[in-house]
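Every number here is computed from the coordinates shown, using simple stated rules; none is lab data. Everything numeric here is computed off the predicted structure, so don't read it as measured data. So basically every Cβ, Gly included, is an ideal-geometry build from the backbone, and we count neighbours across all protein chains shown.
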Amino acid sequence: MALALQKRNNIRLPPEVNRVLYIRNLPYKITSDEIYDIVGKYGAIRQIRVGNTPETRGTAFVVYEDIFDAKNACDHLSGFNVCNRYLVVLYYQSNKAFKKLDVDKKQEELNIIKNKYNISTDDLKK
């Protein structure tokens, strides 16, 4: 057991690997208990969040206690068939998730400055 733990600590994981998995292409009617039955066999789970809005239906976030369990689940569940739907399992990356929000916010700030100083895009082209 100690040798396995020591070997595990020496493994270098890719930088995108983390404890949070983002799962897409789930059946719309799936419950968190049913997701737990699928993902729970790969390790201890801290949290499961199932999408419940029209934009997030068919998606879920699964947070594992251990990063190695998350990696094992991601490796084995990508392409797993659930009710004739093949799962897409990715590592959650917050910098990508909030990138669009940042772009929208910057565009809004730019529009405010343009209005404040009475600048139009046509003036810039000349």
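Which GluC sites (Glu not before Pro) in region 23-80 sit in a loop by DSSP (not H, G, I, E or B) and have at most 15 other Cβ atoms within 10 Å of their own Cβ?
Details: sites: E34, E55, E65; in loops: E55, E65.
Listed in order of number, the matching sites are E55, E65.
Taking the mean number of other Cβ atoms within 10 Å as a proxy for protection, how do you rank 17-27, 105-115, 41-51 from highest to lowest?
Working: 17-27: 18.4, 105-115: 10.4, 41-51: 15.6.
So the peptides 17-27, 105-115, 41-51, ranked by packing, come out 17-27, 41-51, 105-115.
Restricting the calculation to Cα positions, tell me the Rg (one decimal) and the Dmax (whole number) of region 2-92 in Å.
Calculated on Cα positions, Rg and Dmax stand at 13.7, 48 Å.
Which whole-Hz couplings ³J(HN,Hα) result when phi for each residue of region 55-68 is put into the Karplus expression 6.51 cos²θ - 1.76 cosθ + 1.60, θ = phi - 60°, listed in order with x for Gly and Pro?
The phi angles translate into 6, 10, 4, x, 10, 7, 10, 10, 10, 8, 6, 10, 5, 5 Hz.
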